[in-house]
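Below: the structure, in structure tokens.
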Amino acid sequence: MNSSQQRGIDRPRTRGTDRSLARRSELISIGRKLFADRSYDTLSMDDIAKQAHVAKGLIYYYFKSKRGYYLAIVEDSVADLITHAAGGLSLPPVERVQRTIDCYLRYAQDNQAAYRTIVSGGVGFDAQVHAIRDGVREAIVATIAEGAYGRSDITPVVRMGLFGWVCGVEGATLDWIDRPGLDRDTMRELLVKMLGGALRAIEEIDPSYAAPAPARRDG
């Protein structure tokens, strides 16, 4: 078989794969909107197919089950949250931490249903959804550690200090999006100061992890 014949076989397969990935991504995007307005238990597969304007079999083809579809939506939301929070690698430590918290809050504010699902662990007690949530927490801990210390290989004391702060942020952010009495800038400043307290407490216990110096204010 010559190279042109080989390319003739490979090209349709690639296009088919691209179309399949695009279709799957489109269904996830639709699902995120559906589950934003309705709870998991109140949406049947017939409802989902009708509102998505697709055959029910197509959803089963890509996701096997309603739960598989829901998990794919949760994982997609998680990827967005982590991507939003983990940028700004070239910034100084304090600015990077501030950017991480601001992006985290922005995501929660703009994707409230998805954020509630991620933080609350989904429907009832679902071990797989809880594992996804736990993975988010560890990813945020690593992101904050990279911003504060320039590394993510941290001791148990450091991890626990940051983990406790992250759990506090989750509860505060849930309350904030439910009762938005503070603007995002004020909320970010409050969480940054809370993190500063956690970092100083960590430094007192383990001086090898010095808290970054606070950002200087002009004027």
| note | Within region 134-149, residues within 9 Å of the chain's Cα centre (by Cα) and either at pLDDT 90 or above or outside the structural domain of V166 (by TED's automatic domain parsing) (or both) come out as none
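Going through L21, L71, L43, L89 one at a time, which residue ends up being at pLDDT 75 or above and loosely packed, with under 12 Cβ neighbours inside 10 Å?
Numbers: L71 fails: loosely packed, with under 12 Cβ neighbours inside 10 Å; L43 fails: loosely packed, with under 12 Cβ neighbours inside 10 Å; L89 fails: at pLDDT 75 or above.
Testing whether each residue is at pLDDT 75 or above and loosely packed, with under 12 Cβ neighbours inside 10 Å leaves just L21.
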| query | Which members of region 154-188 meet the condition of being more than 21 Å from the chain's Cα centre (by Cα) and within 30 Å of I205 (Cα to Cα)? | reply | I154, T155, P156, V157, V158, T186
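The values are calculated or read from the model by the stated rules, or taken from the named source; none is laboratory data. Please read all numbers here as calculations on a predicted model, not as lab measurements. Ideal geometry is used to build each Cβ from the backbone, glycine not excepted, and the neighbour counts take in all protein chains shown.
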